[in-house]
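Take a look at the structure below.
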Amino acid sequence: MKILGEILSVQRFKSNILTYMALFIGISLLLISVQLYIDTYAVMSNKQIKNDKYEYLVINKNITNDMMGDNSKSLFSAQEIGEFEKLVTVKKIGFIESNQFPIEASNFGDLAFSTQLFFESIPDEYLDVSLESFRWHPGSKTIPVILSQDFLNLYNFGFALSQGLPQLSEETVKAISFNLEIARTENYVAEVVGFSQRYSSVIVPAEFMHYANTKFGTHKAENHSRIILQTEEADNPELVKFIHDRNYSTQNEKIKWSKIKTIMNVVFASSGFIGIFILVLCVMILVLFLNLSIAKSASKLQLLSLLGYQTATLQKKFINGLFFSFLLIVLLALITTLFCKFYLAVLLASFQISISKVISWQILVILIVLLMAIYYLFWIKSKKIIQHYIA
């Protein structure tokens, strides 16, 4: 075993210190880039604060001068709907149905008003309020209505203050009913049953909309001017590009992260690429050093082979020392990544953003795969060279 120790003595740490330092930097850059990408994606997707698994985008076409005078140009065709369905990020598509008849709403008393109104109906699964009281049956003269939270805010903090009118709470509005004249032929009573933060509209049950459009509608439209996309990632760059390229419009606040996410992806990808590049170069240098070490010990290898030592035994003596050094560097890179992760979690906590203080499981998977790949590479290369010298 003494002569095997002499073979190991050619693998000195000092002779490769610069390679090991570069290797540490490369692995650290790679791991930190992956960890930052995972954390940034989670924060931008608001996964830790979302109450709903999905997000909802209301899509309509931007009105241009060429479209004015022809309302049919604002409708989505079956082909355009099909293009949305092909997008991987889109889970479901809902259709918003608008009234095709005139509506006049009025009320008397201290809050007297009379105004033209519009209705829209939205499939129940896309609504963000309780549906317990949001039901209508043919023959009923009471129509439940869901108002946009924005409408109430505009009244309270805009119109009411400027006109000296009383501001209204949600409970007060729900207690107030108002009269509806549908198509100038039938009268109904509307009652507010909820407020939506997702849609800026006056929403009625789909059952009533279908009934009224069938009975009072001035035209029959098979297509729709507004649709709802159900997606897990509203600011997905592919989806945002698709919407912009086709001159569609949606809620800008829900897709505002798209450009930032794209830039961050480029930054992290560049950093990860640099880390991989450094890692590959350093591994190549280590493999070259392994080759030189074996070449210098060619005569000793021939002697050991004559003494009965197997190729696998000789390989282990060459590989173990080098791989142990590589393993230490990987552990140091992992500790560095963990420190950076902890510091980032503490920093973001001061901005009321919560992320885990431990590294992601993807990092451990990368390290395991990396170690297995490097050991396999060392084993294959050393076996080939040793067999060449002892043949």
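Things to note:
- Check on Val202, closer than 14 Å to Ile103 by Cα and touching a Leu at 6+ places or on another chain (Cβ under 8 Å): yes
- Candidate set: region 312-369, residues that are open to solvent by 40 Å² or more (accessible area, probe 1.4 Å) and among the hydroxyl-bearing types (Ser, Thr, Tyr); chosen: the one modelled with the lowest pLDDT: Thr313
- Scanning region 139-176 for residues being in contact (Cβ under 8 Å) with a residue 24 or more places away in the chain and of a type in the set (S, T, N, Q) gives a total of 3.
- Test: residue in region 287-299 that is modelled with pLDDT of 75 or more and open to solvent by 60 Å² or more (accessible area, probe 1.4 Å): yes
- When restricted to residues that are open to solvent by 50 Å² or more (accessible area, probe 1.4 Å) and under 30 Å from Ile27 (Cα atoms), region 247-264 contains 6.
- In region 81-97, the residue that is farthest from Thr214 (Cα to Cα) out of those that are open to solvent by 40 Å² or more (accessible area, probe 1.4 Å) and modelled with pLDDT of 90 or more is Lys86.
- Positions within region 351-391 being in contact with a Phe, Trp or Tyr (Cβ under 6 Å, 6 or more places away or on another chain) and farther than 30 Å from Lys316 by Cβ, in sequence order: Lys357
- Whichever residue in region 268-280 is aliphatic (A, V, I, L, M) and exposed (fewer than 14 other Cβ atoms within 10 Å of the Cβ) and, among such residues, is farthest from Ile243 (Cα to Cα): Val280
- Condition broken by Ala112, with the remaining ones in (1) more than 30 Å from Asp235 (Cβ to Cβ); (2) open to solvent by 70 Å² or more (accessible area, probe 1.4 Å) satisfied: (2)
- Just one of the listed residues (Gln79, Gln100) is out of contact with any strand residue (DSSP E or B) (no Cβ under 6 Å at 6 or more places or on another chain) and not in a loop (DSSP other than H, G, I, E, B), namely Gln79.
The values are calculated or read from the model by the stated rules, or taken from the named source; none is laboratory data. Worth saying up front: this structure is predicted, and the values here are computed from it rather than measured. Cβ sites come from the backbone with ideal geometry, for glycine too, and all protein chains shown count toward neighbours. For the accessible areas, the whole protein counts, side chains as well, though only heavy atoms, and no ligand, DNA or RNA atoms are used. Shrake-Rupley method; radii C 1.70, N 1.55, O 1.52, S 1.80 Å.
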